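Colleague: Input: one structure, supplied below.
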Amino acid sequence: MDFDALFNAQLDQLKSDGNYRYFAELERKCGKFPRAANHDENGVRDVTVWCSNDYLGMGQHPKVIAAMCEAVERTGTGAGGTRNISGTNHDHLLLEQELADLHGKEAALLFTSGYVSNWAALSTLGSRLKDCVILSDAGNHASMIEGIRHSKATKVIWKHNDAHDLEMKLRALPRDVPKIVAFESVYSMDGDIAPIREIVDVAEKYGAMTYLDEVHAVGMYGPRGGGVAEREGLSDRITLIEGTLGKAYGVVGGYITGSPALCDFIRSFASGFIFTTALPPAIAAAARTSIAYLKTSQIERAAQKRQVARLRAALDREGIPHMVNESHIIPVMIGDPVKTRMLADYLMQEWDIYVQPINYPTVPKGTERLRFTPSPLHSDADIDHLVNALSVLWRQCALARAVA
Ligand code: PMP
């Protein structure tokens, strides 16, 4: 059988739909964020990155780099095994304590990525808790959806960010089955924020456990970077908080925090935790330094807020339509995959601006967009350059402007 022909048939379909994923080949430059070199068929050139999830530039922070280098010298490159078989290092345990403290919980458990932490935790909870029902926000991330699917638990989808709909769905369920309400704080593509208090109120009323993904919030919200739940004083009412070390903390890895029994349960049953090599200790050391730093420093969070507000105001002045939300994520809506890609190409080729087109299935068809994430390290001149470029492109391509 010609397998390549089978693969190519589906790839060709993606291409003709405009949904084929092209990588931009970047070479990050230490200490230069948000500048990076872009390699393509025409050669190499410096670009400004506008779509990174290294939201605060911590991936190039001198303290984080020093911590990683020190730990590599001290421990070597790899962990040496799975967590159960020789791979648990002192640095992992120190990081887990730091994470538990960050969220005001008693325990935490590390995973190799945020994706794996969601997948492993939800699939374990849903499959191990007898008759469990998982109530999942309609906007939840693929890692949560896949974890729930794999658990084979009954899944009930409630309307995005709608605590009233959640209550209707909870009310219809039998009283004595375990229920888990799974949702995010900051949604990555629209940048909208969940009404956490209302959701927790409803969940508590029906005795449901709450599972909150704070991947796009940790490091950036709350006085110590403990996420939106910390900012709203709600961390202690959330049963499980999940997060990543790969976005605002600038490293890689994922985690859950909660009670000792909850973390021990996942540790003991989750195949995504048990059967994979542990993160390198140097990664753990770097992440711990980044978390500890952002627990006290307000400089990065304040500067990011300022640049987010500045970009929004400049887009408004030029009538470039963008989604209104209260987060650091600025989606500029295009609504067509081919146009979105074309605009991203122009920005790269003519303006040295890199923003990745966001197409289906990452976002629903018809809502294709450019998603900008200003960091504290984007200068005012970077923002002016970006908005000038967008304004010229809007004129050249005769795109609709927002009416003030
Ligand atoms: N949850 C959400 C909401 C995400 O957007 C992502 C990744 N973009 C993840 C989890 C996975 O996190 P990681 O990148 O650490 O695997």
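The values are calculated or read from the model by the stated rules, or taken from the named source; none is laboratory data. As the structure is a prediction and not an experimental result, all values here were calculated from the model. When we count neighbours, we look across all protein chains shown, and the Cβ atoms used for this are built from the backbone with ideal geometry, even at glycine. These accessible areas exclude ligands, DNA and RNA; they are computed on the full protein's heavy atoms, side chains included. Shrake-Rupley method; radii C 1.70, N 1.55, O 1.52, S 1.80 Å.
Colleague: Quick one: Karplus J couplings for segment 122-129, per residue in order, coefficients 6.51, -1.76, 1.60, θ = phi - 60°, nearest Hz, x for Gly and Pro?
Modeller: 6, 5, 6, 4, x, 8, 8, 8
Colleague: Mind checking the alpha-carbon convex hull of segment 249-404 and giving the volume per residue in Å³?
Modeller: Looking at segment 249-404, the number lands at 175 Å³ per residue.
Colleague: Report, to two decimal places, the Cα Rg of segment 62-295 normalised by 2.2 N^0.38 Å (N = number of residues). Show your work: numbers first, answer last.
Modeller: Numbers: Rg = 17.2 Å, N = 234, 2.2 N^0.38 = 17.5 Å.
Against the empirical 2.2 N^0.38 Å value, I get 0.98 for segment 62-295.
Colleague: Let me ask something else. Quick one: what are the phi-derived ³J(HN,Hα) couplings along segment 341-348, Karplus 6.51/-1.76/1.60 with θ = phi - 60°, whole Hz, x for glycine and proline?
Modeller: Values per residue, Gly and Pro as x: 5, 4, 4, 4, 5, 4, 4, 6 Hz.
Colleague: Can you pull a Stokes-Einstein diffusion coefficient for segment 39-198 at 20 °C (1.002 mPa s), Rh from Kirkwood over Cα pairs, as a whole number of µm²/s?
Modeller: Numbers: Rh = 19.2 Å.
Rounded, D is 112 µm²/s.
Colleague: Over the chain, what is the mean sequence separation of C-alpha contacts under 8 Å (at least six apart), divided by residue count, expressed as relative contact order in percent?
Modeller: Relative contact order of the chain: 21 percent.
Colleague: Next question, about the same structure. Heavy-atom accessible area per residue, segment 253-365, 1.4 Å probe: how many Å²?
Modeller: Normalised by residue count, the accessible surface of segment 253-365 is 42 Å².
Colleague: Run the simple label-point estimate for Q396 and D384 please: 7 Å along Cα→C-beta, distance reported in nm.
Modeller: 2.1 nm
Colleague: What list of ³J(HN,Hα) couplings, whole Hz, do you get for segment 215-232 from phi and the Karplus terms 6.51, -1.76, 1.60, once you set θ to phi - 60° and write x for glycine and proline?
Modeller: Rounded to whole hertz, the list is 3, 8, 10, 5, x, 10, 10, x, x, 10, x, x, x, 5, 4, 5, 4, 8.
Colleague: Now, a different point. Between D2 and E146, what length in nm is gained on full extension when 0.36 nm per residue of separation is reduced by their alpha carbon distance?
Modeller: Stretched out fully, the D2 to E146 stretch lengthens by 48.9 nm.
Colleague: Right, next: Which whole-number percent is the relative contact order of segment 62-295 (Cα, under 8 Å, 6+ apart)?
Modeller: On the way: 490 pairs, mean separation 74.4, N = 234.
So the answer I get is 32 percent.
Colleague: Once the piece of chain linking L173 and H39 is laid out straight, how much longer is it, given 0.36 nm per residue of separation minus the C-alpha distance between them?
Modeller: Full-extension gain reported as 42.8 nm.
Colleague: While we're on this one: Which one, A163, V49, G222, is farthest towards the positive end of the dipole of the chain when Lys and Arg carry +1 and Asp and Glu -1 on their Cβ?
Modeller: The one lying farthest along the dipole's positive direction is A163.
Colleague: Would you work out what percent of the accessible area of segment 49-184, with all protein chains in place, is carbon or sulfur (probe 1.4 Å)?
Modeller: Numbers: 3310 of 6040 Å².
Carbon with sulfur: 55 percent of the solvent-accessible area.
Colleague: Oh, and also: Excluding same-chain residues fewer than 8 positions from K179, which lysines have a Cα within less than 18 Å of its Cα?
Modeller: Reachable lysines: K130, K152, K155, K159, K169, K205.
Colleague: Using a 7 Å offset from the Cα along the Cα-to-Cβ direction at both D352 and S86, what is the distance between the two label points in nm, to one decimal?
Modeller: 4.9 nm
Colleague: What are the lysines whose alpha-carbon lies under 20 Å from the alpha-carbon of K247, with same-chain residues fewer than 8 places away excluded?
Modeller: Of all the lysines, those that pass the test against K247 - Cα under 20 Å, at least 8 places apart if same chain - are K29, K32, K63, K295, K305.
Colleague: Here is a follow-up. Excluding residues on the same chain fewer than 8 positions from K105, give the aspartates and glutamates whose Cα lies under 13 Å from its Cα.
Modeller: E96, E230, D236, E242
Colleague: For the chain, what are the per-bin percents of Cα-Cα distances with bins 20 Å wide, up to the bin holding the maximum?
Modeller: Reading the bins upward from 0: 26, 56, 18, 0.
Colleague: Could you list which residues have their amide H under 5 Å from that of R369, counting only those 5 or more apart in sequence or on another chain, with H placed in the peptide plane?
Modeller: I334, G335, I358
Colleague: S16 to E198: extension gain in nm, 0.36 nm per residue of separation minus the Cα-Cα distance?
Modeller: Stretched fully, the S16-E198 segment lengthens by 61.2 nm.
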